[in-house]
Each structure stands twice: as structure tokens, then as C-alpha cells.
Amino acid sequence: MSNLEGAPVEASDVRGRVAELHAIREQVRRGPSDRATEAQKAKGKLTARERIDLLLDEGSFSEVEPLRRHRASGFGLEAKKPYTDGVITGWGTVHGRTVFVYAHDFRIFGGALGEAHATKIHKIMDMAISAGAPLVSLNDGAGARIQEGVSALAGYGGIFQRNTKASGVIPQISVMLGPCAGGAAYSPALTDFVFMVRETSQMFITGPDVVRAVTGEEITQNGLGGADVHAETSGVAHFAYDDEETCLEEVRYLLSLLPQNNRENPPRVASEDPADRTGDALLDLVPADGNRPYDMRKVIEELVDDGDYLEIHERWATNIICALARLDGQVVGIVANQPQSLAGVLDIEASEKAARFIQMCDAFNIPIITLLDVPGFLPGVDQEHGGIIRHGAKLLYAYCNATVPRISVILRKAYGGAYIVMDSQSIGADLTYAWPTNEIAVMGAEGAANVIFRKQIAEADDPEAMRARMVKEYKAELMHPYYAAERGLIDDVIDPVETRSVLIKSLAMLATKHADLPSRKHGNPPQ
């Protein structure tokens, strides 16, 4: 046996050895030193163990390899071999269900990844995959441990490989609670969800010093890769919060909406919100005039259980809404155009946001509800040169590839290619409904009339009066609410107040849906 400093001790009986064990465990629990803990607190950050305690149900954490130490030497490492090697790994429960976790301990080597540190992470990731349970990483590390050289870098490769292996098999959630720079940032990018905390967490491939040296640009760490930057501009972060406590509570909420793995359905809960509740407010929320904006979030609140939902990427690509909610206690994914932002058009970022959300829902057996009010794709040179064709194709591919139950509701406008892409019946939606306010067409009536009746309008004595007459005629012939229903392109036109009950009944019918994709190694989605 050895004492806390590594020198041999005499333990003459079992009680002596057990006492030594408890002393070591207490040191492991306390961490490297009070001074290191104080430094962590001074930055406004919790310790790794405090974070784990907030994430998991009380008293449920079981630690793996708490006594692990590195075996490296040189650069003074042989004289500093703290327990855990800077990462705490193990499992516990969230709302009574098993969850695996690893947490960087910034107090030890700045949370930097070394060979032993990486091996512990690899092990807990393998355990999560084998057990079929979610994996949550609490990230607060300074990157690769420079003193260990390429051995540390190879550790990241093992993490990336396991992130990829676990993708679509178990939910993977990255919680950014400190710095994450260089190659280390790719692990969160490979996971399903990224949470960040303002002021204390940053992510970037090259830091401000490198940016300044290469480009001459002056920028702070938060300005380059802070929570708000990634939540609003880059889309790297799905959620951003002001403090760690709120952040970790929201991680618990998200886990309550996800299954343990891809072989299970999300947990269903008893709902006190009546399945046949009518939504009378919907008649006033959505204007019949297609040019008037409204807040789609209020529609979602009226439809889902108790008006409660979790919006994903709330502040990025705001012209489309992606959310997890419950209908009669069943978890659903909602994709909806947002007329309050860019009139709800589809653009590059909205297409990417919705495509990845749909893929996540399909991977984890979450039915998809699509609420349409879309005037088309955003026109413009920037969009075309930015690749709106291939980015829009990502959304199309995600819908076409999804085998979970898919239900679409057309509230108002559904024009052109955007109508087809937003889970129309022609690309495989199981059920498609429309409100009496729907307008399904190749384009808006004004644009269509200008194309079809160009000659008549130009030759008319009063071109504006002729244009107005032709617009009215086009609407009457091709854009009335029942045109698509008469041709079997939608399944029914429904009273808006009955939307909730219609969706719940439809989901119950589709509960046993089974769809097989063609045999293949994997598809080749547009990039």
C-alpha cells in the first residue's frame, strides 16, 4: 500500500487498510487543494463534482477509476500525479434513468487531456454505448496536455471515433462550462446538443492571439467564441444560459424528452391536458391575410400539452422553429416556419437547422409535426452563391430519409419548392392536413398573374385593374382552400380549433408505423 504522497505505509490489519482507503477517497473528493478550488470559484465556476451533483439525481453517482493516475514523466510530471488525472467519470440517474457522464476538473492540469485522462473518457464512452444510455460531457479543459505530446493528441482521436460510433445510437450532450479550443472543439460538434454558459465558456479552433497574429484582427475570447456568438451567429450552440445551475437543470429537462437509445421510444408521461381540448384562440392567432405576420410560437403553445415546449437553436435561424414538446404525453418534434422572421422563408441557415433536427428526431424515434406557412426560398445573390441549392437539399434529404411518423399541417401559405421540401405528401408525409386559410400554389397569386397574364395586362387600357382582376381569377381557380384536397394532395381540410385532437388521433394511429429503408451502408447526403 502507499500513503497519499506515494511512500509505503504499514497497514497491519484490515481496519488500517480500510482507513487508508477512506482517507484517499476523501482526498479524491476534495480535489488537489483548497487554493485550486478557490481559484475555480473566483472565475464564477463550480467544481466538477458540484456540476455532477446538479446534473444527476441526488446520491445516484457511481464513479469509475477515481484512483487513476498518469504514468508520464518529464517536464516535472513525475512529481505531480494527482488522482483522477483531471477528469471524473461514472454514471448515475436523471429522473430515475441511467445517464453516463464525464467532467473535466480544471483544478488539475487545467483539465487538459493526457493519455490516462483520455483512456478514462474512452472507457466511459464505451460503457455508455454498451449499456445503451445517454452520455453527457461537462467540458472545462485547456485542450491537449502539451507535456505528453502526441499521446495526448491521439486521445482526442479516440474520443472523436467514439462520438461517431455513438451518433444516432445514444443521445450525446455536450455542456460547455469553460474553455474548449483547438481540436477539442470537434467532440462537441459531433454530439447531438451543445449547451453553453455566458462569460465562462468559449469554443474556437484558433484563439484570439492566433487570429491577431495571422489576420491582425483584435477580438476577445467571448467575442470570438462565446456562448452568444455560437447561439446566434455560428449555430454551434443549441442553448445558452446565464449560469451553470440553470444550464444543468435544462440538460435534465432535455434528457426527460429523449429515449435512452435508438431502440427505445421517448418516455411517455400522463397528461392532464385533455386530448380533445379545442384551440379556439387559433382562430384569432393566424390572420387570413397572407401578408400579415404572427408569432408561430403562440400556435405551438396552443397545440402542445400545457403550452410547454423546449425550443432548439432558439436564437439562430429564427425564421424556422424547431422544438420538442408533448402531445397527450407523447414526445414529438415540431418544425414550423416563423412568419415573424423573414416572413418564414427558407434560407441556408434555416435549412441546415431543420435538417439536423429532423435527423435527430428520426434517429431517436420522435414523430415529426410540421407546421407550414412558407412563401418560398429566400432569393438573393448571397443565398445562391452560398449554396442554397445544396443546403436546401439537406432539408429535403432529411425529410425523405425519415421513417418516423410524419404529419404536416398547412396553416396558410405553402408556395413553390419550399412547400414540397417542408414535408409535403409527395415526399412521404404520412398525413397532411390544411386549415381553410391555406394557399398551396407554385407561387403567390400576384407573381403568377404577372407571368401568366403578362400580355393581357400590358395591352389593357387600365393595366392595374386588369392585374387585380387576373389575380382574383387565379386565386379562384387554383388557390382556393380545397383545390389540393380535391386532387388528393392533402388528406383533409380541418377546423383550426380541432388541430390538437386531430394530431393526437393521427399519432395514435401511426404509433405502430414500420418503414424500412433500402439496404445500404449509408446514404450520401448533400453537404
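Counting only heavy atoms of protein chains, what accessible area per residue, in Å², does region 372-527 have with a probe of 1.4 Å? List each step's numbers first, then the result.
Details: 8100 Å² over 156 residues.
Ligands and nucleic acids excluded, the result is 52 Å² per residue.
Return one number: the angle in degrees, 0 to 90 and rounded to the nearest 10, between the long axis of the Cα atoms of helix 499-509 and the longest principal axis of the Cα atoms of the chain.
Roughly 70 degrees between the two axes.
Residues with beta-carbon under 10 Å from that of THR432, excluding THR432: net charge, scoring Lys, Arg +1 and Asp, Glu -1? Could you put the intermediate results ahead of the total?
Values: positive: ARG406; negative: ASP423, ASP430, ASP491, ASP492.
Charge balance in the 10 Å sphere: -3.
Give the residue from VAL236, LEU257, LEU190 lying farthest towards the positive end of the charge dipole for region 164-257; charges sit on Cβ (+1 for Lys and Arg, -1 for Asp and Glu) and the dipole is referred to the Cα centre.
LEU190
Ranking request for peptides 212-222, 134-144: highest mean number of other beta-carbon atoms within 10 Å first, then the rest in descending order.
Numbers: 212-222: 11.5, 134-144: 25.8.
In descending order of packing, they fall as 134-144, 212-222.
Could you give the Stokes-Einstein D for region 297-408 in µm² per second, using the C-alpha Kirkwood radius, 25 °C, 0.890 mPa s?
Details: Rh = 14.1 Å.
Roughly 174 µm²/s, to the nearest whole number.
Can you give the net charge of the other residues whose Cβ lies under 14 Å from the Cβ of ARG406, counting K and R as +1 and D and E as -1? Don't skip to the end; give the middle numbers.
Numbers: positive: LYS513; negative: ASP362, ASP423, ASP430, ASP491.
Around ARG406, the surrounding residues sum to -3.
Pull out the extension gain between VAL64 and ALA213, defined as 0.36 nm times the separation in residues minus the alpha carbon to alpha carbon distance; nm, one decimal.
Numbers: separation 149, 0.36 × 149 = 53.64 nm, distance 4.22 nm.
Length gained, VAL64 through ALA213: 49.4 nm.
Place a +1 charge on the Cβ of each Lys and Arg in region 78-192 and a -1 charge on the Cβ of each Asp and Glu, then give the dipole magnitude about the Cα centre in debye, rounded to the nearest 20. Present the calculation step by step, with values, prior to reporting the outcome.
On the way: 9 positive and 8 negative charges, 29 e Å.
So the dipole magnitude of region 78-192 works out to roughly 140 debye.
Nearest 10 degrees is fine. How inclined is helix 14-30 to the longest principal axis of the chain, computing both from alpha carbons?
In the chain, helix 14-30 runs at an angle near 50 degrees to the longest axis.
Using r as the Cβ-Cβ distance of GLN27 and GLU249, and R0 as 25 Å, what FRET efficiency do you calculate, to the nearest 0.05? All intermediate terms of the calculation are to be shown ahead of the outcome.
Values: r = 30 Å, r/R0 = 1.20.
Efficiency computed from Cβ-Cβ geometry: 0.25.
Taking just the C-alpha trace of region 168-289, give me its Rg and Dmax in Å.
So, for region 168-289, Rg and Dmax equal 19.7, 63 Å respectively.
Please report, as a whole percent, how much of the solvent-accessible surface of the chain comes from carbon and sulfur atoms (probe radius 1.4 Å). Before the final figure, lay out each step's value.
Details: 12590 of 23930 Å².
Using a 1.4 Å probe with all protein chains present, the chain comes out at 53 percent carbon and sulfur.
Solvent-accessible area per residue for region 222-304 at a 1.4 Å probe radius, Å²?
Working: 3970 Å² over 83 residues.
Normalised by residue count, the accessible surface of region 222-304 is 48 Å².
For the chain, give the magnitude of the charge dipole about the Cα centre (Cβ charges: +1 Lys/Arg, -1 Asp/Glu; no others), in debye to the nearest 20.
Details: 53 positive and 72 negative charges, 391 e Å.
Around 1880 debye, computed over the chain.
What 222 nm value per residue comes from the helices of the chain, counting each DSSP H run with n ≥ 4 as -39,500 (n - 2.57) and dividing by all residues, nearest 500 deg cm²/dmol? Intermediate results must be reported in sequence, preceding the final value.
Values: 20 runs with 197 residues, N = 527.
Only helices count here, giving -11000 deg cm²/dmol.
Can you compute the radius of gyration and Dmax for region 103-232, using only the Cα atoms, both in Å?
Both quantities, over Cα of region 103-232: 14.8, 49 Å.
Given the pairs LYS413/LYS472; LYS353/LYS413; LYS165/LYS521; LYS298/LYS513; LYS123/LYS165; LYS353/LYS521, which span a C-alpha to C-alpha distance of over 18 angstrom in this model? Walk me through the intermediate numbers first.
Working: LYS413/LYS472 16 Å; LYS353/LYS413 21 Å; LYS165/LYS521 14 Å; LYS298/LYS513 30 Å; LYS123/LYS165 14 Å; LYS353/LYS521 25 Å.
Distance filter (> 18 Å) returns LYS353/LYS413; LYS298/LYS513; LYS353/LYS521.
Ratio to report: Rg/Rh of region 452-527, with Cα atoms as the point set and Rh obtained by the Kirkwood method; give two decimals.
Details: Rg = 22.2 Å, Rh = 17.6 Å.
Using only Cα positions, Rg/Rh for region 452-527 is 1.26.
To the nearest 10 degrees, how steep is helix 388-401 against the longest Cα principal axis of the chain, on a 0 to 90 scale?
The helix 388-401 is inclined about 80 degrees to the chain.
Just to be sure I understand the model, the point goes 7 Å from the Cα along the line to the Cβ. What's the resulting LEU310 to ALA458 distance in nm?
Placing both labels 7 Å beyond Cα along the Cβ direction yields 5.8 nm.
For region 381-526, with the dipole built from +1 on Lys and Arg beta-carbon atoms and -1 on Asp and Glu ones, taken about the Cα centre, which of GLY416, GLY428, ALA458 lies farthest toward the positive end?
So the residue furthest toward the plus end is GLY428.
For region 62-206, what does the accessible surface come to per residue with a 1.4 Å probe? Please give it in Å². Intermediate values should be presented prior to the final figure.
Working: 4970 Å² over 145 residues.
I get 34 Å² per residue for region 62-206.
The values are calculated or read from the model by the stated rules, or taken from the named source; none is laboratory data. This is a predicted model, so every value here is computed, not measured. Using ideal geometry, Cβ is built from the backbone for each residue, glycine included, and neighbour counts are taken over all protein chains shown. Please note that ligands, DNA and RNA were not included when accessible areas were found on the heavy atoms of the full protein model with its side chains. Shrake-Rupley method; radii C 1.70, N 1.55, O 1.52, S 1.80 Å.
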